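In what follows, a structure is listed as C-alpha cells, so that the remarks can point back to it.
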C-alpha cells in the first residue's frame with residue numbers, strides 16, 4: 001500500500017510511463033515522480049454535489065494517447081491530460 005500526499009492511501013497498482021507513476025487514491029488521481037517521490041500533479045473532483053459523485057474508482061487508471069483514463073464510481077469515466085491532470 002502506498003502512502004500519498006494528504007495522508008491518502010492507495011491499493012491500486014500504479015501505471016508507469018517515462019518514470020512517472022499514475023494512480024488513484026481516495027478521491028484523487030496522482031502523477032508521482034518515480035525517482036524523487038514528488039507529486040507532479042493531483043486531480044480531485046470539484047466540490048459541487050454533482051462533482052462529488054465523480055470520485056475515482058479504487059481500480060486504478062489507464063494511459064493512452066497522452067491521457068490518464070480514470071473510472072469513476074458514478075459509472076462514468078474521466079480523461080485527464082497526462083502532463084497536467
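One residue stands out among those in region 1-23 that are modelled with pLDDT of 90 or more and under 13 Å from the mean Cα position of the chain (by Cα): the one that is surrounded by the fewest Cβ atoms within 10 Å (Cβ to Cβ), which is 16. If the condition is being part of a loop (DSSP other than H, G, I, E, B) and either touching a helix residue (DSSP H, G or I) at 6+ places or on another chain (Cβ under 8 Å) or modelled with pLDDT under 95 (or both), then region 68-85 contributes 73, 74, 75, 76, 85. The set of residues in region 10-30 being in contact with a strand residue (DSSP E or B) (Cβ under 6 Å, 6 or more places away or on another chain) and within 14 Å of residue 56 (Cβ to Cβ) consists of 10, 12, 14, 15, 22, 23, 24, 25, 28, 29, 30. Restricting region 40-67 to residues that are touching a strand residue (DSSP E or B) at 6+ places or on another chain (Cβ under 6 Å) and part of a strand (DSSP E or B) leaves a set whose member that is farthest from residue 80 (Cα to Cα) is 40.
On inspection, residue 27 passes the criterion of being at pLDDT 85 or above, surrounded by fewer than 18 Cβ atoms within 10 Å (Cβ to Cβ) and under 18 Å from residue 72 (Cα atoms).
The values are calculated or read from the model by the stated rules, or taken from the named source; none is laboratory data. Small disclaimer: the values here were computed from a predicted structure and weren't measured. No Cβ is skipped: glycine too gets one built from the backbone with ideal geometry, and neighbour counts run over all protein chains shown.
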